[in-house]
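The values are calculated or read from the model by the stated rules, or taken from the named source; none is laboratory data. Since we're looking at a predicted model, the values are computed, not measured. As a convention, Cβ positions derive from the backbone with ideal geometry for all residues, glycine included, and neighbour counts pool all protein chains shown. Ligands, DNA and RNA are stripped out before the accessible areas are found, and what is left, the full protein with its side chains, is counted by its heavy atoms. Shrake-Rupley method; radii C 1.70, N 1.55, O 1.52, S 1.80 Å.
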Amino acid sequence: MKKILAGSWGWGAVLIGLHVAVVAEAGNFYKWTDENGVIHYGDHVPPQYSQQGRAEVNKYGMTVGVTNAAKTKEQIAADERKARIQAEEHRKAEEQMAKDRVLLTSYANEKDLEMGRDGKIAALEGMIRITKSNIAILQRSMADMTAQAAEKERSGQPVPDEVRRDITAAQNLIVKHEAYIETKRKEQAELRAQFDADLKRFRELKAMQGITTPEPPPQKDPLLPKNDKETQELAVKETEPVSAECKDPPGCEKAWSLAQLYVRAKADTRLQIVNNTHLVTSEPTQPNTIGLSVTRIPDSGGARLVLEVLCNNSPEGQKYCRTPQVQAVRNGFKAYVEGH
């Protein structure tokens with residue numbers, strides 16, 4: 001190997017000039033630094049220095065190429081972490097830009113934001129109200145069954161296994177309904193927090209655009225809700241229970257039998273509680289399915305048979321609950337029971 005040793009660039013340049021003939025024969029050569037800080041020149045780099053940085057120099061002493069030192073494992077890991085952080089920051093920036101576009105295109109002013117929030121909260125309140133009604137039905141049914149079981153025990157008779165199963169099923173359903181209500185309350189709180197964040201961002205975006213958002217004119221369309229109470233009433237109107245009536249004990253027995261047939265035919269889930277006062281199917285587990293509940297309430301020698309539709313707890317399930325086919329099930333109950 002032809003090798004030139006120099007302690008500095010100036011001294012190296014002198015040596016290069018003295019060895020022009022050698023260099024001319026060898027073509028370009030390399031410059032590297034050893035572990036003692038001494039600069040070396042040669043037509044190839046020794047193996048022990050091949051992983052560190054080096055320069056390629058021509059016969060005139062000019063650098064024509066540079067090879068960076070190979071990175072250590074620690075440096076590679078640091079670079080990878082930096083790349084991941086940068087990619088995540090880029091993803092978040094893109095996501096924020098998309099959210100900003102949706103915010104600006106979905107709402108013309110702050111009042112629109114408020115109406116959107118109120119409508120969603122009212123819809124959740126409707127789900128909570130229906131679930132509370134279902135809990136009340138189950139509690140009444142469980143009280144009746146518990147009383148029957150206690151009467152059996154007092155008379156020295158065994159409590160039927162079916163009654164025990166029905167009591168357990170009602171207890172489990174009540175626990176599930178109460179947990180569901182808790183999740184909906186949390187969703188309402190999250191909606192309010194999200195609204196506050198969206199409102200703040202909306203104002204920032206409008207300020208950046210140099211736009212102030214005037215209050216919209218008073219609502220004139222009588223078909224649109226004018227306040228939160230009316231919004232809530234509209235949200236739950238289509239999920240209210242319906243009832244059929246019977247006038248006397250024989251008529252009520254027939255009506256109760258018809259109600260059971262109706263529930264078996266129209267519900268997508270199986271009957272779980274069947275007694276003289278309650279018909280309750282299990283909860284629907286899929287969005288596009290429903291369960292049914294019927295309560296028999298004595299009334300002036302006859303009774304009222306109250307039907308409630310049990311919908312899946314997901315947003316898709318609640319949306320399905322308001323479809324025409326489900327409304328037909330709800331609306332057809334009275335005619336079926338009273339018309340046969």
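Data table
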| item | result |
| --- | --- |
| Accessible-area value, TYR262, 1.4 Å probe, nucleic acids and ligands omitted, Å² | 10 |
| Using a Förster distance of 22 Å, the FRET efficiency for LYS71-ASN28 (Cβ separation, nearest 0.05) | 0.30 |
| Cα point-scatterer Debye curve for region 67-181, base-10 log of I(q)/I(0) at q = 0.22 Å⁻¹ | -1.12 |
| Members of LYS176/LYS266; LYS120/LYS319; LYS111/LYS206 lying beyond 19 Å, as alpha-carbon distances in this model show | LYS176/LYS266 |
| Residue-span extension gain [VAL274 to LYS186] - 0.36 nm each, minus C-alpha spacing | 28.3 nm |
| GLU114/GLU178 FRET efficiency (R0 30 Å; Cβ-Cβ; nearest 0.05) | 0.50 |
| Projected label distance in nm at LEU103 and LYS206, using a 7 Å step from Cα toward the beta-carbon | 1.2 |
| Accessible-area composition of region 73-196, carbon plus sulfur, in percent [1.4 Å probe] | 53 |
| Cβ-derived FRET efficiency at R0 22 Å, GLN139 paired with GLU245, nearest 0.05 | 0.40 |
| Accessible-area order (highest first, 1.4 angstrom probe) of the listed residues ARG322, ARG185, ARG154 | ARG154, ARG185, ARG322 |
